[in-house]
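Undergrad: Quick one: this structure, given as structure tokens, is what I'll be asking you about.
The values are calculated or read from the model by the stated rules, or taken from the named source; none is laboratory data. Keep in mind the model is a prediction, meaning the values are calculated, not measured. When we count neighbours, we look across all protein chains shown, and the Cβ atoms used for this are built from the backbone with ideal geometry, even at glycine.
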Amino acid sequence: MGLMLRLLLKAAPLPDYKKFKRVLFIGPHPDDIEIGAGGTARKLVLLGAEVYFLIASDGGAGSLDPGMTSEKLAAIRKKEALAAGAFLGVKATEVLAFPDGGDYSVEALTTEIVKRIVRIKPDAVFCPDPLLPTETHPDHLKTAEAARRAIPLAQFPLAVKRRGIELEEGDKLPQGINLLYYYTARPNIYIPLTKAEQEAKIAAIKMHASQIDESFEGIFRYLNFKSKSYGWKARAKHGEAFYGLGPLHQHCFPEKI
């Protein structure tokens, strides 16, 4: 890191998770938040933050069972998501009705996320990285793009009203929202996890039982490897990695951080 960038980050620092008081995690499907950031969600709960989960799609396409229907699967996955969120200690988990793998617009999803940001008033939002070079899943790409669009819009009352969202008189919108991307190839923040927090993450993933098959053994090995490698960067036994942007980094900030 060059001297100029160090000086810039001193004036406009990266997000500090220890200061978060109210946090919104956004995921494309039930189970994505747990896989990408479940340990951090648990850590923030234990630190006393109010943590909320918002899941963009109903999860109604994630099955190879020929006898399964989207309606039945969506109900199963919602139940799993609520249980996993409760296990991690989050204040509330909400599953939106956008169809997993279906035809819906980024703009419609953006408006729904704006509504939740206005209501929850988070000081930090976690979502997938919209610029992950290897990502191909439409729901991941749409959710990531909608989330990053929603953050600046939710901070301006006229922008909120232009989306057809009513505000109560005197309602104050959130300001200074930190943005942290999981599922990222460009991490700049490493959050340390205890063994118990990592175990809680894995246990929460396993609560999405409709998605667990023999292939997950390899996935769990991969997650364990990544948690240890990120933990080494965070000077801990385990860890998770994010690309974080403070409020001043999210608009017209050309430096790479």
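Undergrad: Among the residues of the range 56-79, are any within 22 Å of Gln198 (Cβ to Cβ) and in contact with a helix residue (DSSP H, G or I) (Cβ under 8 Å, 6 or more places away or on another chain)?
TA: No, because not a single residue in the range 56-79 is within 22 Å of Gln198 (Cβ to Cβ) and in contact with a helix residue (DSSP H, G or I) (Cβ under 8 Å, 6 or more places away or on another chain).
Undergrad: Next question. Find the residue count for the range 188-220, including only residues that are among the basic types (Lys, Arg) and farther than 22 Å from Lys79 by Cα.
TA: 1
Undergrad: What's the number of the only condition in (1) surrounded by fewer than 16 Cβ atoms within 10 Å (Cβ to Cβ); (2) without any contact (Cβ under 8 Å) to a residue 40 or more places away in the chain; (3) not hydroxyl-bearing (Ser, Thr, Tyr) that Leu44 fails to meet?
TA: (1)
Undergrad: Filtering the range 232-247 down to residues that are assigned to a helix (DSSP H, G or I) and not aromatic (Phe, Trp, Tyr), which residue is nearest to the chain's Cα centre (by Cα)?
TA: The extreme case among them is Pro247.
Undergrad: Still on this model: Working carefully through the options Pro174, Pro157, Pro152, Pro187, find the one that is surrounded by fewer than 16 Cβ atoms within 10 Å (Cβ to Cβ), under 19 Å from the mean Cα position of the chain (by Cα) and more than 18 Å from His29 (Cα to Cα).
TA: Pro152
Undergrad: From the residues in the range 179-201 that are of a type outside the set (Gly, Ala, Ser) and touching a Leu at 6+ places or on another chain (Cβ under 7 Å), which one is nearest to Asn224 (Cα to Cα)?
TA: In this case the residue turns out to be Tyr183.
Undergrad: For residues that are surrounded by fewer than 21 Cβ atoms within 10 Å (Cβ to Cβ) and either among the β-branched types (Val, Ile, Thr) or on the phi > 0 side of the Ramachandran plot (or both), tally how many sit in the range 47-63.
TA: Residues meeting the conditions: 1.
Undergrad: Something else now. Looking at Lys10, is it more than 17 Å from the chain's Cα centre (by Cα), within 22 Å of Gly176 (Cβ to Cβ), at pLDDT below 85 and surrounded by fewer than 24 Cβ atoms within 10 Å (Cβ to Cβ)?
TA: yes
Undergrad: Moving on. Select, from Pro66, Pro122, Pro99, Pro138, the only residue that is within 22 Å of Leu179 (Cα to Cα) and surrounded by fewer than 20 Cβ atoms within 10 Å (Cβ to Cβ).
TA: So the residue among Pro66, Pro122, Pro99, Pro138 that is within 22 Å of Leu179 (Cα to Cα) and surrounded by fewer than 20 Cβ atoms within 10 Å (Cβ to Cβ) is Pro138.
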